[in-house]
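The values are calculated or read from the model by the stated rules, or taken from the named source; none is laboratory data. The structure presented is a predicted model; accordingly, all values stated were derived computationally and were not measured. With ideal geometry, Cβ positions are generated from the backbone for all residues, glycine too; neighbour counts draw on all protein chains shown.
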Amino acid sequence: MPNLTKDDAQRIATKLGNPPLDPNKQCLQLEVRQKGPHDIVSIRYRNVLVGRFGIQRGSNRNARHNYIPEQIHLTRQQGAEFASCEMSIDQYIDIILRDEEIQSRLPKDKG
């Protein structure tokens, strides 16, 4: 199982801010704020909180961030694929839209 580093965590955070290619998908809403020794990244889709994770601000680039995938509804393997660009933002949105917990909190489309 691949380990995720601080660099992977930063790539994940950056990629979460990218717009999907599919015009039928909405952009994720990303908020990054500094709190203590971490940057806290919160992700929302259609105003529903999808996940939140911290990125350590220390100088250790190899610091493990293996907890991130679970906090954003991915397996560790999927997290590594997302960080390495094997998984697109569109594919990530598809995964969260299949998650029953998130799906149940999304506003119902009108009409």
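Applying the condition of being in contact (Cβ under 8 Å) with a residue 60 or more places away in the chain and not polar (S, T, N, Q) to segment 14-25 and asking which residue is surrounded by the fewest Cβ atoms within 10 Å (Cβ to Cβ) yields Leu21. Of all the numbered requirements in (1) within 12 Å of the chain's Cα centre (by Cα); (2) free of Cβ contacts under 8 Å to residues at least 12 places away in the same chain, Ile72 misses one, and that requirement is (2). Annotation: of all residues in segment 1-25 being closer than 14 Å to Ile96 by Cβ and assigned to a loop (DSSP other than H, G, I, E, B), the one that is nearest to the chain's Cα centre (by Cα) is Pro20. The helices (runs of 4 or more DSSP H) located wholly in segment 26-110 that include 2 or more residues which are surrounded by 13 or more Cβ atoms within 10 Å (Cβ to Cβ), modelled with pLDDT of 95 or more and of a type in the set (A, V, I, L, M) occupy 89-98. All of Ser88, Ser104 fail the test of being of a type in the set (Ser, Thr, Tyr) and touching a residue at least 12 places away in the same chain (Cβ under 8 Å), apart from Ser88.
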